[in-house]
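What follows is a short report on a single structure.
The values are calculated or read from the model by the stated rules, or taken from the named source; none is laboratory data. Here the structure is a predicted model, which means the values were calculated and not measured. Because the Cβ atoms are built from the backbone with ideal geometry, glycine has one as well, and the counts that use them run over all protein chains shown.
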């Protein structure tokens, strides 16, 4: 969606956007899809093309600088695609346009109904998750994935903020805490100890998961 929204945002008046995809069966269990998004927009300078996937990088001095933004859209997009085992490439020419090419592999299921029933059994829709993460890019990616899955996110940029957010919440209001271990002000382990010793019924019961998938007990 970020690629398409950029194609719209940075296009010219009466410009065009062409979306296409191709599929190639790799073997009897895997298939590869390639998605193309081609626009007739303002394009990118050679210098900016070398840094487009770097966090907080924006092109200045051109039409792109008018629209602003955080400079996190493309780095997040690239990370998400790579987490899915895919690749992203692009071709761009200043004042001519840009074409993005994304390749994503998929597993061909022999029993789609069985796979769908398994997916239905696991859902985080409606859950309230306290997300403690000091790295802004990691925070953006995690929040994007979790909210897309239907969860409500409470953000904390360090352990102290996580402790304060949990203390302010109602009993049982937070279902899960995702806790980064290495954070400034107060690290994840100390924050966990603070939460576990609070005088409230859910302090010892709330699930706290450290980055890396380790469940933190008392």
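Looking across 96, 66, one residue alone is closer than 25 Å to residue 16 by Cβ, exposed (fewer than 15 other Cβ atoms within 10 Å of the Cβ), modelled with pLDDT under 90 and not assigned by TED's automatic domain parsing to the domain that holds residue 141. It is 66. All conditions but one from (1) modelled with pLDDT of 90 or more; (2) within 28 Å of residue 88 (Cβ to Cβ) apply to residue 141; the one that does not is (1).
Regarding residue 17, is this residue without any contact (Cβ under 8 Å) to a residue 40 or more places away in the chain, in contact with a helix residue (DSSP H, G or I) (Cβ under 7 Å, 6 or more places away or on another chain) and surrounded by 11 or more Cβ atoms within 10 Å (Cβ to Cβ)? It would help to see each step written out before you state the result.
On the way: without any contact (Cβ under 8 Å) to a residue 40 or more places away in the chain: yes; in contact with a helix residue (DSSP H, G or I) (Cβ under 7 Å, 6 or more places away or on another chain): yes; surrounded by 11 or more Cβ atoms within 10 Å (Cβ to Cβ): yes.
So residue 17 passes the test.
Residue 72 falls short on exactly one of the conditions (1) surrounded by 13 or more Cβ atoms within 10 Å (Cβ to Cβ); (2) at pLDDT below 85; (3) over 28 Å from residue 157 (Cβ atoms), and that condition is (3). In segment 116-198, counting only helices (runs of 4 or more DSSP H) that sit wholly within it, the ones holding 2 or more residues that are under 20 Å from residue 80 (Cα atoms), in contact (Cβ under 8 Å) with a residue 12 or more places away in the chain and touching a helix residue (DSSP H, G or I) at 6+ places or on another chain (Cβ under 8 Å) span 136-148.
Would you mind stating whether residue 81 is assigned by TED's automatic domain parsing to the domain that holds residue 12 and modelled with pLDDT of 90 or more? Spelling it out, residue 81 is indeed assigned by TED's automatic domain parsing to the domain that holds residue 12 and modelled with pLDDT of 90 or more.
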